[in-house]
Amino acid sequence: MEIHTLLDILSLFGGGVCGQIPGHSFIIGGRQLPLCARCTGTYLGALLGFLGLAALGRWRASGLPPNEVLASLVSFIVLWGIDGLNSFLSLFPNAPHLYQPHNLLRLITGALNGLALSVIVSLVFNLVLWREPSTEKVISNGREMGYLLIPAALLIWTVQTQADFLLYPVASLSILGVIIMLTLINTVIVLIMTGRENKAEQWRDAALPLLLGMLATFLELSVLGWVHLALIRCLALPVLR
């Protein structure tokens with residue numbers, strides 16, 4: 001794969017976190033998305049979750065959701081794991097698996113998993129960053145959970161149509177979800193490694209750790225993307241088309 005266009009760059013970054021198996025990926029406008037169906041759902045779901053929590057004003061929330069919401073989030077991750085394992089087993093001839101894998105199921109379980117991960121990552125990020133994180137629950141009740149699930153369902157329906165005009169929006173937003181997720185995680189690592197956890201009082205105090213976290217993210221995605229591409233060429237595996 002030669003790197004010439006925006007889509008090529010997005011695909012390179014996608015290779016840093018995703019196997020990009022052609023049969024497990026949506027084809028839109030004649031091009032394979034930079035992430036497989038499961039990863040597309042995961043990172044679009046995570047992006048939606050981060051935006052939803054911001055809209056709810058949970059910028060500093062560090063309280064666990066109520067038990068029923070927490071149970072739902074855990075079940076989303078479990079469903080993602082079950083569908084992923086079932087899909088993996090289907091790659092091996094004669095290996096037992098529960099049902100026939102399908103890209104729509106990968107997209108759905110991925111999106112639910114992404115929502116759950118966005119809540120977990122936001123909670124940990126707030127606990128580590130702020131001097132005085134809010135004790136407010138990151139999600140207060142089932143109704144707020146519904147505020148995230150309804151647009152997630154719309155998102156899933158939209159992506160699975162595979163309409164040609166969705167190619168660049170879905171490709172760009174899914175990789176944006178990757179960048180935001182990894183930036184927050186890397187920022188937490190930077191804060192802990194530099195002994196700067198629980199120091200920030202305003203967002204400007206978080207500017208440098210966030211910048212370092214973002215730089216680490218772009219470095220990781222670039223290096224891992226090139227390694228992934230080199231392995232594909234070395235092993236003569238199917239490539240993005």
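The values are calculated or read from the model by the stated rules, or taken from the named source; none is laboratory data. Quantities reported herein were computed from a predicted structural model and do not represent experimental measurements. Backbone-built Cβ (ideal geometry, glycine too); neighbour counts: all protein chains shown. Side chains included, ligands, DNA and RNA excluded: accessible areas come from the protein's heavy atoms. Shrake-Rupley method; radii C 1.70, N 1.55, O 1.52, S 1.80 Å.
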Could you list, by residue number, the cysteines of the chain that have no other cysteine's beta carbon within less than 4.7 Å of their beta carbon? 36, 234
If you roll a 1.4 Å probe over the heavy atoms of the protein chains, what accessible area per residue do you get for the chain, in Å²? 50 Å²
Normalised by the number of residues in the chain, what is the relative contact order in percent for Cα pairs under 8 Å and 6+ residues apart? 33 percent
Roughly what would the spin-label model give for residue 227 and residue 102, points 7 Å off Cα along C-beta, in nm? 3.6 nm
Quick one: with all protein chains in place, what share of the accessible area of region 1-132 is carbon or sulfur, to the nearest percent (1.4 Å probe)? 69 percent
The chain, helix-only ellipticity at 222 nm - DSSP H runs n ≥ 4, -39,500 (n - 2.57), divided by all residues, nearest 500: -22000 deg cm²/dmol
Kindly state, as a whole number, the per residue volume in cubic angstrom of the convex hull around the alpha carbon atoms of region 90-138. 112 Å³
Could you state the angle between the C-alpha long axis of helix 103-129 and the longest principal axis of the C-alpha atoms of the chain, as a value from 0 to 90 degrees rounded to the nearest 10? 30 degrees
Quick check: pseudo-label points 7 Å beyond the Cα along Cα→Cβ at residue 67 and residue 160, how many nm apart are they? 3.3 nm
Taking just the alpha carbons, could you work out the radius of gyration and Dmax for region 151-241, both in angstroms? 17.7, 51
Please list, short to long, the whole-number percent of alpha-carbon pairs of the chain in consecutive 10 angstrom bins beginning at zero. 8, 30, 33, 22, 7, 0
Tilt of helix 167-193 relative to the longest C-alpha principal axis of the chain, in degrees (0 to 90, nearest 10)? 50 degrees
Dipole size in debye (nearest 20) for region 94-229 around its Cα centre, Lys and Arg Cβ +1, Asp and Glu Cβ -1? 100 debye
Quick query: amide H of residue 130 versus all other amide H atoms, modeled in the peptide plane; which residues come in under 5 Å with a sequence gap of 5 or more or a different chain? 198
Between beta-carbons, use under 11 Å as the cut-off and find the net charge around residue 190, counting Lys and Arg +1, Asp and Glu -1. 0
Region 214-229 - phi-based ³J(HN,Hα) in whole Hz, Karplus 6.51/-1.76/1.60, Gly and Pro as x: 5, 4, 4, 5, 5, 5, 4, 5, 5, 5, 5, x, 5, 4, 4, 5
Give the angle, between 0 and 90 degrees and rounded to the nearest 10, that separates the Cα long axis of helix 37-55 from the longest principal axis of the Cα atoms of the chain. 20 degrees
